[in-house]
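Here the structure is laid out as structure tokens; the discussion comes afterwards.
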Amino acid sequence: MKLLMHTCCAPCSVYCIEELRVEGIEPTVYWYNPNIHPYTEYKARRDCLKEYTKNINVEAIFEDNYGLDEFCKNVVCDLQNRCQDYCYPVRLEQTAKYAKEHGFDTITTTLLVSPYQKHDIIKRLAEEIAKKYGLKFLYRDFRVGFKVGQARARELGLYIQKYCGCIFSERGRYLGEDFLPPKLPEDFEFLPVKHSINIKKERDNKEQYLELLLEADPSKEMINKYLSNGELFVLTNDDEPACIAVTIKIDDDTIELKNIVTKENYREKGFAKKMIKYLVDNYKTRYKKMIVGTTENNIPFYVKQAFDKYEKTIKNYFVDNYDKEIKDGNLICTDLIYYSRDLKNN
Ligand code: SF4
């Protein structure tokens, strides 16, 4: 089977791709969504999908078309029925057309994962359009994995949209109009989300984590220097922050892990390891290496996490930069020792 999967965004694709791969089916992702407005939203969803598909090594085709004018012209006379009359068919039709012209024999769509979409109508339209182009339509009720997919997307730090896509659904988000989710079948059950560990980038109010960050770096002044320009990531366990990391760009090839700290009651549970793995996945398409400066005591931990290349030592770093003596267990800290991890071959 050569499957082209119309894909509306990265979060909706997570469960569909994982599930198809379990079945031994490798989809090619097809981005064609002229219904996403405004442009900043269109770009955020498209770029997130680009990065995600690259990270998970799935083939992806991007048909760029920010179709605001065309979309509005076609839906304005009957806004109530815009989804089934224009938005679904235009995307499915273009997917089928591309599939036919490029040697695919089957199509499907990630629209089938959303309990907020008109599932039965999408199924019927996809069947009809596939038939018209002499293709097969692969149907799965991906909705069962909607919650699992969303939880995974949050864990991966993917951009998650707040509304369906068009400017009318964006209005509906704020004014609460126009939208009642379709009824699910009576015997319908979502697959349970098995774990509740999430990692996300915190863009606002990073100072709220200062107290925790001070456990790894006891100088407020030093933390403030890198916190404002750095990126802060929070790993939550059942919604409680358990591990925090701050990174900072050094140059176009290098990202530095400036601070990583796990809350006392969560230590020895592998959270820091999880956070590092997440950061590596997040940065591997943008940087060549990640560096970390550490005390002697922590070198074995970082080497285990593949920071296995010695970079440099800054002599007397802790003596010169901190007002008081810094201790790490029994060690009085003096030098800062840098190790790096190759992000391209890891
Ligand atoms: S609400 Fe969603 S599916 Fe309906 S027209 Fe808008 S973007 Fe398309």
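The values are calculated or read from the model by the stated rules, or taken from the named source; none is laboratory data. Here the structure is a predicted model, which means the values were calculated and not measured. A quick note on method: Cβ atoms are made from the backbone with ideal geometry, for glycine too, and the neighbour counts reach across all protein chains shown.
With the requirement that a residue be surrounded by 14 or more Cβ atoms within 10 Å (Cβ to Cβ) and either out of contact with any strand residue (DSSP E or B) (no Cβ under 8 Å at 6 or more places or on another chain) or on the phi > 0 side of the Ramachandran plot (or both), what does the range 221-262 give you?
Residue satisfying the conditions is 222 alone.
Wholly within the range 116-216, which helices (runs of 4 or more DSSP H) include no fewer than the required count, namely at least 3 residues that are in contact with a strand residue (DSSP E or B) (Cβ under 8 Å, 6 or more places away or on another chain), in the same structural domain as residue 84 (by TED's automatic domain parsing) and farther than 30 Å from residue 242 by Cβ?
Fully inside the range 116-216 and qualifying: 119-132.
Kindly indicate the residue of the range 309-334 that is modelled with pLDDT under 95 and among the acidic types (Asp, Glu) and also nearest to the chain's Cα centre (by Cα) among those meeting that condition.
Result: 328.
Restricting attention to the range 67-83, and to residues there that are in contact with a helix residue (DSSP H, G or I) (Cβ under 9 Å, 6 or more places away or on another chain) and over 18 Å from residue 36 (Cβ atoms), which single residue is farthest from the ligand (Cβ to nearest atom)?
It comes out as 78.
Mind checking which pairs have a first residue in the range 16-28 that is of a type in the set (Asp, Glu) and a second that is surrounded by 20 or more Cβ atoms within 10 Å (Cβ to Cβ), Cβ under 7 Å, 6 or more apart or different chains?
Note: pairs meeting the criteria are 19/142; 19/145.
If I ask for residues that are surrounded by fewer than 19 Cβ atoms within 10 Å (Cβ to Cβ) and either near the ligand (Cβ under 10 Å from one of its atoms) or under 25 Å from residue 162 (Cβ atoms) (or both), which ones from the range 95-117 would you list?
Result: 115, 116.
For residue 147, all conditions in the list (1) under 18 Å from residue 191 (Cβ atoms); (2) out of contact with any Asp or Glu (no Cβ under 8 Å at 6 or more places or on another chain); (3) buried (at least 17 other Cβ atoms within 10 Å of the Cβ) hold save one; what is the number of the exception?
(3)
Determine, yes or no, whether residue 165 is within 16 Å of the ligand (Cβ to nearest atom) and at pLDDT 90 or above.
yes
Filter the range 84-94 down to the residues that are surrounded by fewer than 21 Cβ atoms within 10 Å (Cβ to Cβ) and among the charged types (D, E, K, R), then identify the one that is farthest from the ligand (Cβ to nearest atom).
Only one residue fits best here, namely 93.
Find the residue count for the range 250-265, including only residues that are in a strand (DSSP E or B) and free of Cβ contacts under 8 Å to residues at least 12 places away in the same chain.
Residues that pass the stated criteria total 1.
Could you please give the count of residues in the range 73-130 that are without any contact (Cβ under 8 Å) to a residue 40 or more places away in the chain and hydrophobic (A, V, I, L, M, F, W, C)?
Residues meeting the conditions: 8.
What are the residues in the range 15-74 that are touching a Pro at 6+ places or on another chain (Cβ under 8 Å) and aromatic (Phe, Trp, Tyr), if any?
Hits for the range 15-74 are 66, 71.
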